[in-house]
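The values are calculated or read from the model by the stated rules, or taken from the named source; none is laboratory data. Note that this is a predicted model, so its numbers are computed, not measured. In this analysis, Cβ positions are derived from the backbone assuming ideal geometry, glycine residues included, and neighbour counts consider all displayed protein chains. Surface areas here come from the heavy atoms of the whole protein model, side chains and all, with no ligands, DNA or RNA. Shrake-Rupley method; radii C 1.70, N 1.55, O 1.52, S 1.80 Å.
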Amino acid sequence: MTVLPTCALDLPFPCLMGVLNVTPDSFSDGGRFLAAEDALAQGLTLVREGAAIVDIGGESTRPGSDPVSAEEEVRRVVPVVEALAGRVGVPISVDTMKAEVARRALDAGASFINDVSALRWDDAMVDVVAQAGCPVCLMHMKGEPKTMQDDPRYGDVVDEVLNFLEGRMTFALARGLREDQLMVDPGIGFGKTVEHNLALLRHLDRFTALGRPLVLGTSRKRFLGAILGAEPAARTTGTVATTVIGLLAGAHVLRVHDVRPNFEALRVTLAVLEGAPAA
Ligand code: HH2
């Protein structure tokens, strides 16, 4: 039997993190949920379809994107966290690199922080998370969004991403976080070529061996477009394939835009592995 790492939040294994971007410019859903009522409706849909977490983001980190101010990010994110926190029974995470946004979102009802900079962008972030005692996802990114896809190079991508995540875990623990607050993520698409992403997906078991819940975000990403020759909206089936690969390697949290097909894929995979529960 697999022994799961303990987590400050009781998350089912495996589970889906539904993506809710309240930005004008996210790579696949930018501009769709900018109005508060559209964001709330989408959040409810994600949960109804099977998301165990809703991940709200107010700043796109797609390749080439420009940063937004903390003030603007708070303006986009906090009202949606407030509205959803009272309406859904699942935890809300906030996808932010900024301490001020994290603090305000936690006050508004968010339960954990998804920091794609792994506590590097904003020096004050580690203290916000330490004080809240909440989980934080530490993600690998090479460079920063504006330039990260300009010819990224690695010796051995798997070793380098693993070393980075170990280093960030050591940093977080030294700054007072508990081990059960930490989740890790190899950062698919963040400063990586198609081949780098595929190598990471091929070796996900080495990341679960870090002993912390593994988060995987492949949804609609460019490497799927490169394989399939498809635009973001037509990358759902490709995403589902990676969700199954992730589950088989022990990934705990799968971050996706299209919850229903990924949820069905998880159910069928689990039924094969463990026997089918009645529908
Ligand atoms: N990917 C994106 C954003 N946040 N967080 C984690 N932990 N892992 C990921 O792979 C990840 C993430 C990028 O996807 P999306 O939010 O859809 O796009 P954008 O950054 O353009 O808003």
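Within the range 252-279, can you find the residues that are basic (Lys, Arg), assigned to a helix (DSSP H, G or I) and either in contact with an Asp or Glu (Cβ under 8 Å, 6 or more places away or on another chain) or closer than 23 Å to VAL94 by Cα (or both)? Explain how you work it out, then say what you get.
Start the filter on the range 252-279 by keeping residues that are basic (Lys, Arg), which leaves 255, 260, 267.
Those still in the list that are assigned to a helix (DSSP H, G or I) too: 260, 267.
If the condition is that a residue be basic (Lys, Arg), assigned to a helix (DSSP H, G or I) and either in contact with an Asp or Glu (Cβ under 8 Å, 6 or more places away or on another chain) or closer than 23 Å to VAL94 by Cα (or both), then ARG260 is the only one that fits.
Is it the case that the range 22-30 has a residue that's more than 15 Å from the ligand (Cβ to nearest atom), in contact (Cβ under 8 Å) with a residue 12 or more places away in the chain and out of contact with any Phe, Trp or Tyr (no Cβ under 8 Å at 6 or more places or on another chain)?
Step one: list which residues in the range 22-30 are more than 15 Å from the ligand (Cβ to nearest atom), which gives none.
No, the range 22-30 has no match at all.
Under the condition of being out of contact with any Ser or Thr (no Cβ under 8 Å at 6 or more places or on another chain) and open to solvent by less than 40 Å² (accessible area, probe 1.4 Å), which residue from the range 127-147 is nearest to ILE56 (Cα to Cα)?
So the residue we want is VAL136.
Anything in the range 227-251 that is in contact (Cβ under 8 Å) with a residue 12 or more places away in the chain, open to solvent by less than 70 Å² (accessible area, probe 1.4 Å) and more than 12 Å from the ligand (Cβ to nearest atom)? List them, or say none.
Within the range 227-251, the first condition is being in contact (Cβ under 8 Å) with a residue 12 or more places away in the chain, and the residues that meet it are 227, 232-233, 235-240, 242-251.
Now narrow it down to the ones that are open to solvent by less than 70 Å² (accessible area, probe 1.4 Å): 232, 235-236, 238-240, 242-244, 246-247, 249-251.
The answer is THR236, GLY238, VAL240, THR243, VAL244, LEU247, ALA249, GLY250.
If the requirement is being part of a helix (DSSP H, G or I) and within 12 Å of the ligand (Cβ to nearest atom), which of these qualifies: ARG76, ARG62?
ARG76
Out of the range 44-62, which residues are within 14 Å of SER117 (Cα to Cα) and either among the hydroxyl-bearing types (Ser, Thr, Tyr) or open to solvent by 20 Å² or more (accessible area, probe 1.4 Å) (or both)?
Answer for the range 44-62, where residues must be within 14 Å of SER117 (Cα to Cα) and either among the hydroxyl-bearing types (Ser, Thr, Tyr) or open to solvent by 20 Å² or more (accessible area, probe 1.4 Å) (or both): SER60, THR61, ARG62.
Given the conditions (1) open to solvent by less than 20 Å² (accessible area, probe 1.4 Å); (2) over 22 Å from ILE188 (Cα atoms), report the number of the one that ARG103 does not fulfil.
The number of the failed condition is (1).
Being open to solvent by less than 100 Å² (accessible area, probe 1.4 Å) and either in contact with a helix residue (DSSP H, G or I) (Cβ under 7 Å, 6 or more places away or on another chain) or in contact (Cβ under 8 Å) with a residue 24 or more places away in the chain (or both) is the filter here, so list the residues in the range 254-269 that pass it.
LEU254, ARG255, VAL256, HIS257, ASP258, VAL259, PRO261, ASN262, PHE263, ALA265, LEU266, THR269 - these are the residues of the range 254-269 that are open to solvent by less than 100 Å² (accessible area, probe 1.4 Å) and either in contact with a helix residue (DSSP H, G or I) (Cβ under 7 Å, 6 or more places away or on another chain) or in contact (Cβ under 8 Å) with a residue 24 or more places away in the chain (or both).
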